[in-house]
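Notes follow the structure.
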Amino acid sequence: MRGYFIEYGCMLRILHASDLHLTSGPDREYGLEVLRELVCLANSRQADFLLLCGDLFDSFKDLKENSLLNSVRQEVQLLRAGCRALYIPGNHEDIGRGPKDRLSSFDLGRLELMTDAAAACGGKTLETPEAEFICVPHSSDYSGYRKWQLPPKAPGRARLLLMHGTSSAVYRGPDQEEQQAGVIPDSLFAWLEADYAALGHVHSARETLIGGTLAVYCGSARVWRKWEDGPRKAVFFETEGGKIGARQDLFIKAAGEYRYFTLPVNPDSSILPTAMRELLEKCPAPYRDYIVVRFSGLVEDANALAGLKSVVEGVLRAKNPRRLELLSDQVEIFGGLADNALAKQFLEKLDSRRPAEDSPEMPRWVAARQQGLAALAGDLE
């Protein structure tokens, strides 16, 4: 593995980010705005390094798209003079890449591609007086890590590991991607004597201590798909005296959030004012948000339901979300229910006990409402 030595001061400031999935498709400008904010965050914190830990691009096709790559170069060029952007490819950079395609053939500007085809691990090392960076691009198989030839860890220096893959010690959930990443063995961290593992691939932020290694997934820097709940972020930390200092989550406003809501519909295709009010309160400024609203219930008239959807869509479109989806797959049409006295009493009592949208009781409440109305509808048949 090839390495090089750079002179720095006694302390390093580092910003760890991953999984921007920049694309030449409809989300092009959205992704670039997130990258722009990452650069601004690095500059505002006087960062010495911006670590981009894989899946910077959504596919090899996106990477080689000249217009997008030129825009990426322009954004990274805005990093302060003392900050370096270290980039390892993830599994998505392999999508659509032919056997003769090389990432190193592209002009990435100030974006430093930390790959080395001659190295056993496929990546480079970088040494400073304060820290060592071990950069490992994505691989489908990390089992041969004991054959990687690395310099011995220097006393008084923090060793930082950049990798892209799935660590079962940190994340035990399913790999929800269609393009699965390589599995990182737990024993690798101790073998490499890493103090901090800057990981990419898992889109939900999480961390754990594996032996002496703090393994950190900062999560995806933008909302790439449904169900990526919560604010998007990067992780800022410092190294000093060979130690990893306190970490700070820096939330990325340009990324927005994924927000999911359930709107129970009454048989007459009306909705509870409190439910709509709560939805609007949780979306005060959804300019970058990905909003999904799912209607549920039994209604009498399909045309009235369509009218309701149109009204709700108009209200939410006025707030200018990045993406809006209205789903009615959990609404059934059943005539005669709106005038049924038992149905009215049932809804009156149940709706008075409606939990908050983010309450763990909400799914059970929605199911009880749906099942109760279905049972009443069955009695009318």
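The values are calculated or read from the model by the stated rules, or taken from the named source; none is laboratory data. Because the structure is a prediction, the values reported are computed rather than measured. For neighbour counting, all protein chains shown are included, and Cβ atoms are generated from backbone atoms with ideal geometry for every residue, glycine included.
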## Note on the structure
Given the conditions (1) surrounded by fewer than 24 Cβ atoms within 10 Å (Cβ to Cβ); (2) hydrophobic (A, V, I, L, M, F, W, C); (3) closer than 25 Å to A131 by Cβ; (4) in contact with a helix residue (DSSP H, G or I) (Cβ under 9 Å, 6 or more places away or on another chain), every one holds for A81 apart from (4)
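Give the residue, chosen from I271, I252, that is farther than 30 Å from C40 by Cβ and touching a residue at least 24 places away in the same chain (Cβ under 8 Å).
Unique residue meeting the criteria: I271.
Answer with yes or no whether R97 is modelled with pLDDT under 95 and surrounded by 15 or more Cβ atoms within 10 Å (Cβ to Cβ). Give the steps one after another, and end with the answer.
On the way: modelled with pLDDT under 95: yes; surrounded by 15 or more Cβ atoms within 10 Å (Cβ to Cβ): yes.
When the stated conditions are applied, R97 passes them.
Kindly indicate the residue of region 282-325 that is of a type in the set (S, T, N, Q) and within 29 Å of the chain's Cα centre (by Cα) and also nearest to P363 (Cα to Cα) among those meeting that condition.
Among them, the one singled out is S296.
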### Summary
The lone condition W224 fails out of (1) surrounded by 19 or more Cβ atoms within 10 Å (Cβ to Cβ); (2) of a type in the set (A, V, I, L, M, F, W, C); (3) at pLDDT below 90 is (3)
### Message
Testing V183 on (1) at pLDDT 95 or above; (2) among the hydrophobic types (A, V, I, L, M, F, W, C); (3) in contact with a strand residue (DSSP E or B) (Cβ under 7 Å, 6 or more places away or on another chain), one condition comes back false. Which one is that?
### Response
(1)
### Residue check for G256: over 9 Å from the mean Cα position of the chain (by Cα) and under 30 Å from R294 (Cβ atoms)
yes
### Query
Within region 250-265, can you find the residues that are buried (at least 17 other Cβ atoms within 10 Å of the Cβ) and assigned to a strand (DSSP E or B)?
L250, Y258, R259, F261, T262, L263, P264, V265
### Criterion: in the same structural domain as I14 (by TED's automatic domain parsing) and closer than 27 Å to D48 by Cβ - qualifying residue of T125, T166
T125
## Note on the structure
Checked against (1) surrounded by fewer than 17 Cβ atoms within 10 Å (Cβ to Cβ); (2) within 24 Å of the chain's Cα centre (by Cα); (3) not in a loop (DSSP other than H, G, I, E, B), L160 satisfies every condition except (1)
### Query
So is A169 at negative phi, hydrophobic (A, V, I, L, M, F, W, C), more than 23 Å from the chain's Cα centre (by Cα) and part of a loop (DSSP other than H, G, I, E, B) or not?
no
### Summary
Conditions (1) out of contact with any His (no Cβ under 9 Å at 6 or more places or on another chain); (2) surrounded by fewer than 20 Cβ atoms within 10 Å (Cβ to Cβ); (3) not hydrophobic (A, V, I, L, M, F, W, C) -> R247 fails only (1)
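Residues are listed down the side, and each one gets a yes or a no for (1) in contact with a His (Cβ under 7 Å, 6 or more places away or on another chain); (2) outside any strand (DSSP E or B); (3) within 25 Å of T125 (Cα to Cα); (4) in contact (Cβ under 8 Å) with a residue 12 or more places away in the chain:
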| site | (1), (2), (3), (4) |
| --- | --- |
| A190 | no, yes, yes, yes |
| T208 | no, no, yes, yes |
| S220 | yes, yes, yes, yes |
| K226 | no, yes, no, yes |
| E238 | no, no, yes, yes |
| P267 | no, yes, no, yes |
| A275 | no, yes, no, yes |
| L280 | no, yes, no, yes |
| P286 | no, yes, no, yes |
### Query
Taking into account only those residues within region 308-338 that are touching a Ser or Thr at 6+ places or on another chain (Cβ under 7 Å) and not polar (S, T, N, Q), which is surrounded by the fewest Cβ atoms within 10 Å (Cβ to Cβ)?
K309
### Summary
Within region 68-107, residues being among the aliphatic types (A, V, I, L, M), assigned to a loop (DSSP other than H, G, I, E, B) and within 24 Å of L15 (Cβ to Cβ) number 3
### Summary
Reported set for region 36-54 where residues are crowded, with 24+ Cβ neighbours inside 10 Å and either modelled with pLDDT under 95 or not small (G, A, S) (or both) is L38, F49, L50, L51, L52, C53
### Message
If the requirement is being under 21 Å from S220 (Cβ atoms) and assigned by TED's automatic domain parsing to the domain that holds G122, which of these qualifies: L78, L41, L12?
### Response
L41
### Query
In region 266-296, which residue that is surrounded by 19 or more Cβ atoms within 10 Å (Cβ to Cβ) and β-branched (V, I, T) is nearest to N320 (Cα to Cα)?
I291
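Just checking, which of A154, A119, A181 is in the same structural domain as L51 (by TED's automatic domain parsing), surrounded by fewer than 16 Cβ atoms within 10 Å (Cβ to Cβ), among the aliphatic types (A, V, I, L, M) and part of a loop (DSSP other than H, G, I, E, B)?
A154
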